[in-house]
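Here you go, one structure.
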Amino acid sequence: MRRKVAFGGTLIFAAALAGCQSSGDTKSVSAGDATRGAQQFAVVCATCHGPDGRGVKGLGKDLVGSDTVHKSSDDDLVKLVVEGRDAKDPRNSTGIAMPPKGGNAALSDKDIRDIVAYLRTISK
């Protein structure tokens, strides 16, 4: 009987630990498909952020070395892409507006999650 209790306690501890690990690292694990995200990025985002994500002077920020990309959760990045960033937003350091959904209203939530997954692969 003692063995069953110890084993049950171990299972509860392992489940709790797994829950903590998965909820605490939302930056590196995305629900999106990075391969598909790379394709979407090339079509929607590369015009301003460059084909390699390193930015285009006068248009879009470098996303590879971006603190915003590196420090934000996936949900926060999805929200940023969905809403865009006004040129007058105090967090906008370029003075150039980022339109909602990168200017492509047809982007689905899945498309945006895929782009975020791709950003995780290029972010340093």
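Which one of these does D74 not meet: (1) loosely packed, with under 15 Cβ neighbours inside 10 Å; (2) within 23 Å of K124 (Cα to Cα); (3) among the acidic types (D, E)?
Status for D74: all satisfied but (1).
Inspect region 33-46 for any residue being among the hydroxyl-bearing types (S, T, Y) and either modelled with pLDDT of 95 or more or touching an Asp or Glu at 6+ places or on another chain (Cβ under 7 Å) (or both) and give the result as yes or no. First the steps, then the outcome.
Let us first name the residues in region 33-46 that are among the hydroxyl-bearing types (S, T, Y), namely 35.
Still in the list and also either modelled with pLDDT of 95 or more or touching an Asp or Glu at 6+ places or on another chain (Cβ under 7 Å) (or both): 35.
Within region 33-46 (the criterion being among the hydroxyl-bearing types (S, T, Y) and either modelled with pLDDT of 95 or more or touching an Asp or Glu at 6+ places or on another chain (Cβ under 7 Å) (or both)), the answer is yes, since at least one residue qualifies.
I would also like to ask the following. State yes or no: is G9 at pLDDT below 95 and exposed (fewer than 15 other Cβ atoms within 10 Å of the Cβ)? Talk me through it step by step, then tell me what you get.
On the way: at pLDDT below 95: yes; exposed (fewer than 15 other Cβ atoms within 10 Å of the Cβ): yes.
Taking the combined requirement at face value, the residue satisfies it.
Further question on the same structure: Mind listing just one residue for me: the one in region 51-106 that is in a strand (DSSP E or B) and free of Cβ contacts under 8 Å to residues at least 40 places away in the same chain and, of those, nearest to L119 (Cα to Cα)? Walk me through it before giving the result.
At the first step, the residues of region 51-106 found to be in a strand (DSSP E or B) are 56, 60, 85, 98.
Now restrict to residues that are free of Cβ contacts under 8 Å to residues at least 40 places away in the same chain: 56, 60, 85.
Values: V56: 16, G60: 14, R85: 18 Å.
Once the filter is applied, the top-ranked residue is G60.
The values are calculated or read from the model by the stated rules, or taken from the named source; none is laboratory data. A quick note: this is a predicted structure, and the numbers were derived from the prediction, not measured. As a convention, Cβ positions derive from the backbone with ideal geometry for all residues, glycine included, and neighbour counts pool all protein chains shown.
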